[in-house]
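Here the structure is laid out as structure tokens; the discussion comes afterwards.
Every number here is computed from the coordinates shown, using simple stated rules; none is lab data. This one's a predicted model, so the numbers in the text were calculated from it and none came from an experiment. Don't worry about glycine lacking a Cβ; one is built from the backbone with ideal geometry, like all the others, and counts go over all protein chains shown.
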Amino acid sequence: MKRYLFTFTLIIIAAIAAAQTVSPETLAKRAKRKNLTVKEWNTQTDKNGNIKMRWLDHITVYDSEGRKIEEIEYTTYGQKWREVYKYDENGLLIEEVEYNDQNKPYLIHKFKFNENGTKAAQYNYLPNGHLYSTKVFEYQFAE
């Protein structure tokens, strides 16, 4: 009986560890994005197709691990919004800060994860630290 209990415990631990690891597909995608900055540009052309005006539309920045760490949306007058992402030592997203068009934070999301690596809750804070709302995640698998 003890051997079965020990084996069962090892299986559960292995399942939890496997759920918290990153898939090979995700690792391959991240490897392609290491230290990458993607800039998207908009252009306005005249009736002959010549570019009259060009402006920055969007920037996405990835870190040395290939994780998105910043995203900025622009309009013709400047920054529309900005988001900054922070990760824990396991690579899980733990915080997301949203900035307004004047680059001031207006909403902070903090995340909590289940033991198997799935998102358990999202806590939404105002810049003054006041908890504004909470989103709880529930997972139901079809049988």
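Structure above, values below:
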item	result
Too-long pairs where the Cα-Cα distance tops 31 Å, listed order kept, from 29/52; 47/104; 29/80	29/52; 47/104
Compactness of the range 52-112 as Cα Rg over 2.2 N^0.38 Å, two decimals	1.28
The range 45-143, relative contact order in percent, only Cα pairs under 8 angstrom and at least six apart counted	13
13 Å beta-carbon shell around residue 70, net charge (K/R +1, D/E -1)	-1
Packing rank of 29-40, 67-78, where each peptide gets the mean count of other beta carbons within 10 Å, highest leading	67-78, 29-40
In Hz, Karplus ³J(HN,Hα) per residue of the range 85-98 (6.51, -1.76, 1.60; θ = phi - 60°; x = Gly, Pro)	10, 10, 10, 8, 5, 8, x, 8, 5, 10, 8, 9, 10, 9
Sites residue 128 and residue 86, calculated FRET efficiency, Cβ-Cβ separation with R0 25 Å, nearest 0.05	0.85
Reachable lysines, given that their alpha-carbon falls under 21 Å from the alpha-carbon of residue 32 and they are not under 8 places away in the same chain	68, 86
